[in-house]
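> This structure is in C-alpha cells; I'll ask about it shortly.
The values are calculated or read from the model by the stated rules, or taken from the named source; none is laboratory data. Everything numeric here is computed off the predicted structure, so don't read it as measured data. Positions of Cβ are backbone-derived with ideal geometry, glycine not excepted, and every protein chain shown enters the neighbour counts.
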Amino acid sequence: ETTPRVPVIWMHGLECTCCSESFIRSAHPLVKDVVLSMISLDYDDTLMAAAGHQAEAILQEAREKYKGKYILAVEGNPPLNEGGMFCIDGGRPFVQKLKMMAADAMAVIAWGACASWGCVQAAKPNPTQAVPIDKVIFDKPIIKVPGCPPIAEVMTGVITFINTFGKMPSLDRQGRPLMFYSQRIHDKCYRRPHFDAGQFVEEWDDEFAKKGFCLYKMGCKGPTTYNACSTVRWNDGVSFPIQSGHGCIGCSEPDFWDQGPFYSR
Ligand code: SF4
Ligand code: SF4
Ligand code: F3S
C-alpha cells in the first residue's frame, strides 16, 4: 500500500489507436485494475481528460518528477521524412517528443507492429519514412510487444510482470517477451492435427473449410508467426483469426504488411 505505483507515460505516433482499443478490453487483469490500481498512468494522449497546453504541461511535469523512473509506452512510430513533419504532436515532430521522453525513461515499451516494426505506414514505398522506434532510441531497453494489435492480455500481462517483479521480462533476440512470443501460432493451433494428417482447405467455403481443416494452403502464416493467439486467444479467450476461418496473416511479424496474404478484390 505504501509502494508508489510505476509511472507510465503513453504516447502515440503514426498509428490507428487499435492497440489502445485492444488494451482497454483486457479481462485478466481487468484494465480498470491496471489503470487505477497497478500503474500510475500520468499521461496518455487518448485516455486522459486533459488536452492542448494542459496536456503538454502534464507531460513535462511527469518527465521531471519521475526522471529515470517512468516507463515510456509508445503506440505508433515516428516518420522521419521532411524533418518528421508527417506527424506533428504538440507543435513539434513526434520524433522529437519521442527522443526527449525516451531520454529520461527507465525503459520503453513498443506497443504493436507500428512501434515494433513499422507496420502499414512503413509499407513500400514508405513515403513518410516511418520507422520502428528502435531506429531512433538507442540507449534504453525496449520491450517489443508486436501484433496488429497485440492481444489485450499480453499487453496487460507485460505490465503486470513489471509491476509484480520489479524488472523487465526476459526477451528473445528481437526484443519480445519470451513468455508470450516464444512459440509459433502453429505450435498450439487446434487445427494442427489436420496439418499433420495432410488435410487442407483448398478453396474458401469448400467442404474442407466447413470441416475445419488446416488453412496452410490458403496462406496461413501460423508456421512462421510467434504470438500467443492459439493459446491466450482474443476477446477474453473466445476465439482467434484461425478459429474464425481465416489463416493467420502474421500480424506480429516484421514486414507482414508487404508479404501478404492480402487480397486485391
Ligand atoms: Fe493500429 Fe496495428 Fe499500429 Fe496497433 S500496431 S496502432 S493496431 S496499426
Ligand atoms: Fe498451422 Fe495455420 Fe494450419 Fe493452424 S491453420 S495448423 S497455424 S498452418
Ligand atoms: Fe495476428 Fe496471426 Fe494472431 S494474424 S492476431 S498473429 S493469429
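> Looking at (1) outside any loop (DSSP other than H, G, I, E, B); (2) among the small types (Gly, Ala, Ser); (3) on the phi > 0 side of the Ramachandran plot, can you tell me which one Ala62 breaks?
(3)
> Now for a separate question. Among the residues that make up the range 187-198, is at least one of them closer than 29 Å to Ser20 by Cβ, within 17 Å of the chain's Cα centre (by Cα) and at pLDDT 95 or above?
Scanning the range 187-198, I find no residue that is closer than 29 Å to Ser20 by Cβ, within 17 Å of the chain's Cα centre (by Cα) and at pLDDT 95 or above, so the answer is no.
> In the list Gly68, Gly83, which residue meets the criterion of being in contact with a strand residue (DSSP E or B) (Cβ under 8 Å, 6 or more places away or on another chain), more than 16 Å from ligand 1 (Cβ to nearest atom) and not in a strand (DSSP E or B)?
Exactly one residue qualifies, and that residue is Gly83.
> Now a separate question. Scan the range 61-84 for residues that are more than 19 Å from Thr17 (Cβ to Cβ) and either surrounded by 12 or more Cβ atoms within 10 Å (Cβ to Cβ) or in contact with a His (Cβ under 8 Å, 6 or more places away or on another chain) (or both) and jot them down.
Hits for the range 61-84 are Glu61, Ala62, Arg63, Tyr66, Lys67, Lys69, Tyr70, Ile71, Leu80, Asn81, Gly84.
> Also: Take the conditions surrounded by fewer than 18 Cβ atoms within 10 Å (Cβ to Cβ), within 16 Å of ligand 1 (Cβ to nearest atom) and either modelled with pLDDT of 95 or more or of a type outside the set (S, T, N, Q) (or both) and apply them to Phe256. Does it pass?
No, not satisfied.
> Pairs needed: first member in the range 160-183, under 24 Å from Gly222 (Cβ atoms); second member anywhere, of a type in the set (Asp, Glu); C-beta distance under 8 Å; at least 6 residues apart or different chains.
From residues that are under 24 Å from Gly222 (Cβ atoms), the pairs are Gly175/Asp134; Leu178/Asp172; Tyr181/Asp172; Ser182/Asp172.
> If you check Lys210 against the conditions, is it of a type outside the set (Phe, Trp, Tyr), at pLDDT 95 or above, away from ligand 1 (no atom under 16 Å from the Cβ) and under 25 Å from Val154 (Cβ atoms)?
Criteria not met by Lys210.
> I would also like to ask the following. Among the numbered criteria (1) in contact with a Ser or Thr (Cβ under 8 Å, 6 or more places away or on another chain); (2) closer than 24 Å to Ile88 by Cα, which single criterion is violated by Cys119?
Just one mismatch for Cys119, condition (1).
> Considering only the range 151-258, give the helices (runs of 4 or more DSSP H) lying wholly within it that have at least 3 residues that are within 13 Å of ligand 2 (Cβ to nearest atom).
Result: 192-196.
> Could you check the range 163-195 and list, in sequence order, the residues that are more than 16 Å from ligand 1 (Cβ to nearest atom) and charged (D, E, K, R)?
Selection gives Lys167, Asp172, Arg173, Arg184, Asp187, Lys188, Arg191, Arg192.
> Something else now. Would you check if Lys140 is over 10 Å from the mean Cα position of the chain (by Cα) and on the phi < 0 side of the Ramachandran plot?
For Lys140, the condition - over 10 Å from the mean Cα position of the chain (by Cα) and on the phi < 0 side of the Ramachandran plot - is met.
> Could you list, in sequence order, all residues of the range 151-170 that are buried (at least 17 other Cβ atoms within 10 Å of the Cβ) and either within 25 Å of Gly212 (Cα to Cα) or hydrophobic (A, V, I, L, M, F, W, C) (or both)?
Matches in the range 151-170: Ile151, Ala152, Val154, Met155, Val158, Ile159, Phe161, Ile162, Met168.
> Being more than 16 Å from ligand 1 (Cβ to nearest atom) and among the hydrophobic types (A, V, I, L, M, F, W, C) narrows it down to one of Met155, Met218, so name that one.
Of Met155, Met218, the one residue that is more than 16 Å from ligand 1 (Cβ to nearest atom) and among the hydrophobic types (A, V, I, L, M, F, W, C) is Met218.
> Still on this structure: Residues being touching a residue at least 24 places away in the same chain (Cβ under 8 Å), surrounded by fewer than 20 Cβ atoms within 10 Å (Cβ to Cβ) and either in a loop (DSSP other than H, G, I, E, B) or among the hydroxyl-bearing types (Ser, Thr, Tyr) (or both): count how many of those fall in the range 97-130.
7
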